[in-house]
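Participant: Handing you this structure, nothing more for now.
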Amino acid sequence: IGHLIRYLGIEDETSIFCAKESMQKLKVNNFKHVSTSLGTFRKYNFLTSRFFSAVDIEHIENPNIVMISDLVRAEHSMIDPASEAIQIIGRFRKERGAMMTRTVTHISNTNPELRAKSEEEVMLYIKEWQIVYNVLTSFLKASTTLEAREVLEEVLKRIDFSRFLYPDGSMNHFMVDNAVFEEKVKSHYKTYETLIDGYETTKRFNLTTQEEKYNQFWMFHF
């Protein structure tokens, strides 16, 4: 967000709404109009994923909504057409009985080399890591020196499988579902065609898509 605002030279016309950690980073870099809660809107307003859901934006007439995904600078900015895109557009609420036109553009680059696992591959990955985790746990239980225990405890904390566990060692199925979701979202961003297919599959958008490409970025208009 900071890079784009400075590139366009729109600092004085922009508000940024984000999480506390991001706000601190932006303010250190001399961005003035930054907040963790919705407030004064300016000509250009940037909202991070913190505001994708459970927020109502009212009293905005005919918003021009631009969703930005950059796989190079911020891979986490990939937006799921079937959920997050719908949530973002739905944040803008019209007055009862009023008409509202939402103009929507999604700017994104794509990466044909992006590796996206299928649900079956994700489950196999977790299963294989669970085997490794159980073996290390058995070594920990059998260890007889403090040094060995410290090493094994550190390894168990650091391996990727640990994110799928609750503190008591039981499986966190919400994190498993999240891993499946993340890989599914990745699969949309391999090519221009796969991203369009992701939108068309939802049957929630009136696509009047035109292909425009600028410096490796695609612009999708809805």
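The values are calculated or read from the model by the stated rules, or taken from the named source; none is laboratory data. The structure displayed is predicted, hence computed values, not measured ones. Cβ sites come from the backbone with ideal geometry, for glycine too, and all protein chains shown count toward neighbours. We work out accessible area using only protein heavy atoms, side chains counted, and drop any ligands, DNA or RNA first. Shrake-Rupley method; radii C 1.70, N 1.55, O 1.52, S 1.80 Å.
Participant: For a distance above 28 Å, tell me the whole-number percent of Cα pairs in the chain that qualify.
Facilitator: 46
Participant: Taking all protein chains together and a probe of 1.4 Å, list 171, 123 from the most accessible to the least accessible.
Facilitator: 123, 171
Participant: Now a separate question. Could you work out the local net charge near residue 161, counting Lys and Arg as +1, Asp and Glu as -1, over the other residues with Cβ closer than 12 Å to its Cβ?
Facilitator: +2
Participant: In debye, nearest 20: dipole of segment 1-105 around its Cα centre with unit charges on the Cβ of K, R (+) and D, E (-)?
Facilitator: That gives a dipole near 220 debye.
Participant: Give me the net charge of residue 21's neighbourhood, meaning all other residues with Cβ under 12 Å from the Cβ of residue 21; Lys, Arg count +1, Asp, Glu -1.
Facilitator: Taking every Cβ under 12 Å from that of residue 21, the sum is +4.
Participant: Nearest 500 deg cm²/dmol is fine: what mean residue ellipticity at 222 nm does the chain get from its DSSP H runs of n ≥ 4 alone, each adding -39,500 (n - 2.57), divided by its residue count?
Facilitator: That comes out to -12000 deg cm²/dmol.
Participant: Moving on to the next point. Restricting to bridges with both residues inside segment 1-103, how much of the DSSP beta-bridge set is antiparallel, in percent to the nearest 5?
Facilitator: Beta bridges within segment 1-103, antiparallel portion: roughly 10 percent.
Participant: What are the GluC sites (Glu not before Pro) within segment 80-128 that DSSP puts in a loop, where the Cβ has at most 14 other Cβ atoms within 10 Å?
Facilitator: Sparse-neighbourhood loop GluC sites (Glu not before Pro): 95, 113.
Participant: Right, something else. Hey, got the dipole for the chain? About the Cα centre, +1 on K and R Cβ, -1 on D and E Cβ, debye to the nearest 20?
Facilitator: For this selection, approximately 640 debye.
Participant: Rounded to the nearest 5, what % of the DSSP beta bridges within the chain are antiparallel ones?
Facilitator: 40
Participant: For the chain, which DSSP H helices look membrane-span-like by this rule: Cα extent along the axis of 20 Å or more and mean Kyte-Doolittle of at least -0.5?
Facilitator: 119-142, 173-187
Participant: Heavy atoms of the protein only, probe of 1.4 Å, neighbouring chains included. What is the accessible area of residue 115 in Å², nearest 10?
Facilitator: About 140 Å², rounded to the nearest 10.
Participant: Which whole-Hz couplings ³J(HN,Hα) result when phi for each residue of segment 35-46 is put into the Karplus expression 6.51 cos²θ - 1.76 cosθ + 1.60, θ = phi - 60°, listed in order with x for Gly and Pro?
Facilitator: 8, 8, 9, 5, x, 5, 8, 10, 4, 10, 10, 9
Participant: Quick one: which of 136-147, 184-195, 68-79 comes out on top by average Cβ neighbours within 10 Å, and what's the full order, highest first?
Facilitator: Descending mean neighbour count gives 184-195, 68-79, 136-147.
Participant: Give me the net charge for the shell around residue 82: Cβ to Cβ below 15 angstrom, other residues only, Lys and Arg +1, Asp and Glu -1.
Facilitator: After counting each charged neighbour, the total is -4.
Participant: Positive end of the charge dipole of segment 27-156 (Lys, Arg +1 and Asp, Glu -1 on Cβ, about the Cα centre): tell me which of 79, 60, 152 has its Cα farthest that way.
Facilitator: My answer, from the dipole projection, is 60.
Participant: Please go through segment 1-41 and write out the trypsin sites (Lys or Arg not before Pro) that DSSP classes as loop and that have at most 13 other C-beta atoms within 10 Å.
Facilitator: Listed in order of number, the matching sites are 32.
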